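Colleague: Can you keep this structure in mind? I'll have questions shortly.
The values are calculated or read from the model by the stated rules, or taken from the named source; none is laboratory data. What you see is a predicted model; the values in this text were computed from it and never measured. Glycine gets a Cβ as well: all are built from the backbone with ideal geometry, and neighbour counts include every protein chain shown. Heavy atoms of the whole protein, side chains included, go into the accessibility calculation; ligands, DNA and RNA do not. Shrake-Rupley method; radii C 1.70, N 1.55, O 1.52, S 1.80 Å.
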Amino acid sequence: MGCMSETTTWANPLRDPRDLRLPRIAGPCSLVIFGVTGDLAQKKLLPAVYDLANRGLLPPSFGLIGFARRDWAADHFVDVVKEAIQAHCRTPFRESTWNNLLKGIRFVQGTFDDPAAFERLSQTVQELDRDRGTRGNHAFYMSVPPSAFPVVAKQLAASGLSRSSEGAWRRVIIEKPFGHDLKSAQELDRTVSEVFDPSSVFRIDHYLGKETVQNLLALRFANSMYEPIWNSNYVDHVQITMAEDIGIESRAGYFDGIGAARDVIQNHLLQLMALTAMEEPVSFAAEDLTAEKIKVLSAIRLPHDLSKHTARGQYAQGWQGSREVNGYLDEKGVDRGSTTETYAAIRLDVDTRRWAGVPFYLRTGKRLGKRVTEIAVVFKRAPHLPFESTAVQELGNNAIVIRVQPDEGVTMRFGAKVPGATAMEVRDVSMDFSYGRSFTESSPEAYERLILDVLLGDPPLFPTTKEVDLSWRILDPIEEFWSTLGQPQPYRAGTWGPAEADQMLALDGRHWRMP
Ligand code: BG6
């Protein structure tokens, strides 16, 4: 028997999982995590599994199998899982939830190239089916470097673990990066599709699991006041910002040579752009939502002059609050001559009637002034202002800003009369909706939502191969152009990026918002 989601009624990303009338509870199944000792598993995946269990969204028989090289005893693995959960879970730690989860936890030791290890995995899976009642339903989470995907996929196939059968499903979850360019993404896709049916492949872009990203759909399509002005008649431009205050931490091995654009523009920011720019989908079922995103991604046009409308930067030594921090080239594991960008900004246009002439500016960077992700829809100025120019000197453009994180919410910026002034004076003010203040429940973590969706077989929040390919088609020419340039422009850690990025907007007569 498959999970409860296999009916179409579940395919709605706007549905609140806490809705008691329609509980989205996974059916009997297990989750196998490859790379369970890694950072992602420890900080996000294991805590998300626990939080789901704590919210009553996992079946009592749920199985959790860790697969890793380390020669750990099963007991030690259990201790590691518990520590990770206690350190990072979102909901309160309860012994009763933990004790129940514990019954289904298993550890399989081995390397990815060892068929005997996959044989042990196969036996463990069968044991869970028999003793815990997971009924042949198993999801495999590849929390491993992309170079390991092919070998793991082939081992799963060889040991018969990848095959769904009548009434029992097998699914695979792939973490980004989905390749490093179009060609490698297509190769990866070929490898995975040789082993898994396309409908069993779930590509994780964790931004799509964030509540505020889903709220963007609610804001646009559940209300009547935004859609009429959401177009080139009223919108001047859109700025999508993903700023981080952290550096590359201990991830030099992954990040150096990849850079900020491949790391987050190719996936998170282009997905945010697609959701901001798309037409109303016929429904929120995966194929309808994807169809609209694909139209946007296909209509994106690169600027003619990439030297003027893109910018790269690399953080130099500076200050993060009161702490002095290293420059990128002095980070552990980074090549001293590295030309990898830690900041990237690009201008994109969308060749559709709705968006003709409205640039979308995307920027991301590490070691910037603060951590913030937002989508700012900036409106044209009023065609006529019946005030003296001194009265409106400081008036900016109206804007709707969707704050993805932190302090999730929406802000509207508009002009208002300064109270009491004898002459008419107008200044910018903000009107604020904050999730924290409007709802008592805290938002689930993106990984809770996405893991649950995989276990339910609910695909709307997962990018398809076509979306991934189109995103690389957009980024590849930019990367190719950047590869002909030398060192990215340095910017001081704790600031808002390289001067090049400011010039890029100044050329268009605009400036970056200060989030
Ligand atoms: C990941 C990137 O996808 O997203 C990281 O690889 C980045 O470089 C992270 O730090 C940011 O995620 P979040 O959810 O903290 O915004």
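Colleague: Does segment 358-515 come out rounded, prolate or oblate by the C-alpha gyration tensor, with a ≥ b ≥ c the root eigenvalues, rounded set by a/c under 1.5 and, if not, prolate when a/b is larger than b/c and oblate if not?
Modeller: Oblate, because a/c is 1.5 or more while a/b does not exceed b/c.
Colleague: With label points built 7 Å along Cα→Cβ from the Cα atoms of SER389 and ALA356, find their separation and express it in nm.
Modeller: Modelled inter-label distance: 3.3 nm.
Colleague: Under 16 Å between alpha carbons, and skipping anything fewer than 8 positions from LYS154 in its own chain: which lysines qualify?
Modeller: Correct list for LYS154: empty, as no lysines qualify.
Colleague: Would you please give the residues with an amide H less than 5 Å from that of VAL36, counting only those at least 5 places away or on a separate chain, with H modeled from the backbone geometry?
Modeller: Excluding prolines and chain starts, which carry no amide H, the hits are PHE67.
Colleague: A follow-up question, please. For THR422 and LYS332, FRET efficiency with R0 = 56 Å and r from the beta-carbon atoms, rounded to 0.05?
Modeller: The formula returns an efficiency of 0.35 here.
Colleague: Another question, if that's okay. Using per-residue counts of other Cβ atoms within 10 Å, averaged over each peptide, order 440-446, 487-493 from highest down.
Modeller: 487-493, 440-446
Colleague: Starting at the first residue of segment 353-367, write each ³J(HN,Hα) from the Karplus equation 6.51 cos²θ - 1.76 cosθ + 1.60 with θ = phi - 60°, in whole Hz, x for Gly and Pro.
Modeller: 4, 4, 10, 3, x, 10, x, 10, 9, 10, 9, 8, x, 9, 6
Colleague: Using only the Cα atoms, work out Rg/Rh for segment 241-327, with Rh taken as the Kirkwood radius, to two decimals.
Modeller: 1.09
Colleague: Let me ask something else about it. Using 0.36 nm times the number of residues separating SER434 and SER232, minus their current alpha carbon distance, what extension gain do you get? Walk me through the numbers before you get to the answer.
Modeller: Details: separation 202, 0.36 × 202 = 72.72 nm, distance 2.76 nm.
My answer for the length gained is 70.0 nm.
Colleague: For segment 150-224, compute Rg over Rh where Rg is the Cα radius of gyration and Rh is the Kirkwood radius from the inverse mean 1/r over Cα pairs.
Modeller: 1.12
Colleague: Please give the charge dipole size of segment 134-243, origin at the Cα centre, charges +1 on K and R Cβ atoms and -1 on D and E Cβ atoms. Round to the nearest 20 debye.
Modeller: Here segment 134-243 has a charge dipole of around 400 debye.
Colleague: Using the alpha-carbon centroid of each, what span in Å lies between segment 283-307 and segment 430-509?
Modeller: 15 Å
Colleague: Over the heavy atoms of ILE229, what accessible area does a 1.4 Å probe trace out, to the nearest 10 Å²?
Modeller: Its heavy atoms expose roughly 50 Å² to the probe.
Colleague: So what does LYS370 come to for accessible area, using a 1.4 Å probe and Å² rounded to 10?
Modeller: 90 Å²
Colleague: Assign unit charges at the C-beta atoms only (+1 for Lys and Arg, -1 for Asp and Glu), then state the dipole size of the chain relative to its Cα centre in Debye, rounded to the nearest 20. Spell out each step's value before the answer.
Modeller: Working: 59 positive and 66 negative charges, 107 e Å.
So the magnitude is around 520 debye.
Colleague: What do you reckon, how do THR390, THR97 stack up by accessible area (1.4 Å probe), largest on top?
Modeller: These residues rank, largest area first, as THR390, THR97.
Colleague: Near LYS44, which lysines are there with a Cα under 26 Å away, not counting those fewer than 8 places off in the same chain?
Modeller: LYS82, LYS103, LYS176, LYS210, LYS332, LYS366, LYS370
Colleague: Still on this structure: Report, in deg cm²/dmol and to the nearest 500, the calculated mean residue ellipticity at 222 nm for the chain, where each DSSP H run with n ≥ 4 adds -39500 (n - 2.57) and the sum is divided by the residue count.
Modeller: Using -39500 (n - 2.57) per qualifying helix, the result is -9000 deg cm²/dmol.
Colleague: Also, I was wondering about something else. Compute the separation of the alpha-carbon centres of segment 131-158 and segment 175-253 and state it in Å as a whole number.
Modeller: Comparing the Cα centres of segment 131-158 and segment 175-253, I get a distance of 24 Å.
Colleague: Between TYR491, SER224, VAL334, whose Cα lies farthest towards the positive end of the dipole of the chain when Lys and Arg beta carbons carry +1 and Asp and Glu beta carbons carry -1, centred on the Cα centre?
Modeller: In the chain, that residue is SER224.
Colleague: Please calculate how many Å² of accessible area segment 213-372 carries per residue, with a 1.4 Å probe and no DNA, RNA or ligand atoms counted.
Modeller: Numbers: 6000 Å² over 160 residues.
So segment 213-372 comes to 37 Å² accessible per residue, rounded to a whole number.
Colleague: Further question: Find the Cα radius of gyration of the chain, compare it with 2.2 N^0.38 Å by division, and give the number to two decimals.
Modeller: Cα Rg divided by the expected 2.2 N^0.38 Å: 1.02.
Colleague: Sticking with this one: Where nothing but the Cβ of Lys and Arg (+1) and of Asp and Glu (-1) is charged, how large is the charge dipole of segment 97-145 around its Cα centre, in debye to the nearest 20?
Modeller: 280 debye
Colleague: Also, quick follow-up: For the chain, which whole percent of the accessible surface, found with a 1.4 angstrom probe, sits on carbon and sulfur atoms?
Modeller: Looking at the chain in its full context, I get 52 percent from C and S.
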